[in-house]
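*Asks:* This is the structure, below, for whatever I ask next.
Where a number appears in this text, it was derived from the coordinates with a stated rule and is not lab data. If you're wondering where the values come from, they're calculated on a predicted model, not measured in any experiment. Reconstructed Cβ throughout: ideal geometry from the backbone, glycine too, with neighbour counts over all protein chains shown.
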Amino acid sequence: MDSKIVLAIVIVGMIIFYSIYEFIKEKNKAKKDKIQKDEQNQIFKAIGNQLLENSLGNKELLKYLKISSQKYAEEITESQMRIVIESLFTNSQLEIQCYISKIIKENHIKGNEKEVTTKIKSFINNKYHKDTLLLKEFKFKEISLSDHMNPEWKEYVIENVLGCVIKEKGEKALQGMLQNLFDSFKCDMVESFSA
């Protein structure tokens, strides 16, 4: 047999072997990626369920405080004021986070920026309005808690959420950003009653 034929057979065999190796390698990589994505989805689902549970708990706490304050006094105490503010902002943060996560999962952001922007602005505006109405139910030092809601907070949340979503920074960045914003709002509101 001619050495060129043998060499050609060896080269073809090596190419076939290499192709099979790359195919198996890609298949294993795709399998690992799928498993990792499934695990990540399960984690996000568990977090979402926990956030929903916390949100429901906060709503019930606010109802209880509303009933308690109406039943026993015209005004709430300082500790009740802090609890109302903490519960309200934590609840708002979680509801916004869940809604935005749903938008991220259900929409293709690229090409749908206007629609996504409209949905986000509408949701946050409505949430701010509902929160303000709820805070009108509570008074501290003869001042309605709603009087200390800063309208600039709403615009700041909208601006930061849109920046996070449109630039597709991901759910972890969204969660961290919302946590920081709402922690700041809680502190600002509590401090505004001390001034």
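*Asks:* Just need log10 I(q)/I(0) for region 3-194 at q = 0.10, 0.11, 0.18 Å⁻¹, Debye formula, equal scatterers on the alpha-carbon atoms, no solvent, rounded to two decimals.
*Replies:* These q points yield log10 I(q)/I(0) values of -0.55, -0.62, -1.19.
*Asks:* Looking at the chain as a GNM with Cα springs under 10 Å, which of Val161, Val12, Val84 has the largest mean-square fluctuation?
*Replies:* Maximum among the listed residues: Val12.
*Asks:* Let me ask you something else. Are there any trypsin sites (Lys or Arg not before Pro) in region 92-195 that are in a DSSP loop and have at most 16 other Cβ atoms within 10 Å? List them by number. Write down the numbers at each step before the final one.
*Replies:* Numbers: sites: Lys102, Lys105, Lys110, Lys114, Lys119, Lys121, Lys127, Lys130, Lys136, Lys139, Lys141, Lys154, Lys167, Lys169, Lys172, Lys186; in loops: Lys110, Lys136, Lys141, Lys167, Lys169.
Loop-located and lightly packed - Lys110, Lys136, Lys141, Lys167, Lys169.
*Asks:* State, to one decimal in nm, how far the label point of Lys102 lies from the label point of Ala30, with both points 7 Å from Cα in the Cβ direction.
*Replies:* Result for the modelled spin labels: 3.3 nm.
*Asks:* Still on this structure, I have one more. Checking the table Lys34/Lys114; Lys59/Lys139; Lys102/Lys172; Lys27/Lys102; Lys139/Lys186 against a 22 Å threshold on Cα-Cα, which pairs fail?
*Replies:* Details: Lys34/Lys114 31 Å; Lys59/Lys139 18 Å; Lys102/Lys172 14 Å; Lys27/Lys102 30 Å; Lys139/Lys186 16 Å.
Flagged as over cut-off: Lys34/Lys114; Lys27/Lys102.
*Asks:* Let me check against my output: what whole-number percent is the relative contact order of the chain, with C-alpha pairs under 8 Å and at least 6 apart? Kindly include the intermediate steps, with their values, before the conclusion.
*Replies:* Numbers: 112 pairs, mean separation 41.4, N = 195.
RCO, the chain: 21 percent.
*Asks:* A further question on this structure: Out of Ser122, Asn180, Pro151, whose Cα points farthest toward the positive end of the dipole of the chain (charges: +1 Lys, Arg; -1 Asp, Glu; placed on Cβ)?
*Replies:* Looking along the dipole axis, the top candidate is Ser122.
*Asks:* Per DSSP H run of at least 4 residues, take -39500 (n - 2.57); add these up for the chain, divide by its residues and hand me the 222 nm value, nearest 500 deg cm²/dmol.
*Replies:* My calculation for the chain gives -30000 deg cm²/dmol from helical runs alone.
*Asks:* Only Lys, Arg, Asp and Glu count, each charged at its Cβ (+1, +1, -1, -1), so figure out the dipole size of region 3-194 about its Cα centre, rounded to 20 debye.
*Replies:* On the way: 30 positive and 27 negative charges, 227 e Å.
It comes to approximately 1100 debye.
*Asks:* Helix 171-194: angle to the longest alpha-carbon principal axis of the chain, degrees 0 to 90, nearest 10?
*Replies:* The answer is roughly 10 degrees.
*Asks:* Under a plain spin-label model, where a point goes 7 Å from the Cα along Cα-to-Cβ, how far apart in nm are Asn54 and Ile11?
*Replies:* Output for this residue pair reads 6.3 nm.
*Asks:* Continuing with this model, one more query. How far is helix 113-135 tilted, in degrees, relative to the longest principal axis of the Cα atoms in the chain, given as a value from 0 to 90 rounded to the nearest 10?
*Replies:* Result, in degrees: 30.
*Asks:* Using the Cα centre as the reference, give the magnitude of the dipole from point charges on the C-beta atoms of region 91-195 (Lys, Arg: +1; Asp, Glu: -1; all else neutral), rounded to the nearest 20 debye. Don't jump to the answer; show the numbers that get you there.
*Replies:* On the way: 16 positive and 16 negative charges, 72 e Å.
Dipole size: approximately 340 debye.
*Asks:* Which residue, Met177, Met14, Met81, tops the fluctuation ranking in a GNM of the chain built on C-alpha contacts under 10 Å?
*Replies:* In this elastic network of the chain, the residue with the biggest mean-square fluctuation among Met177, Met14, Met81 is Met14.
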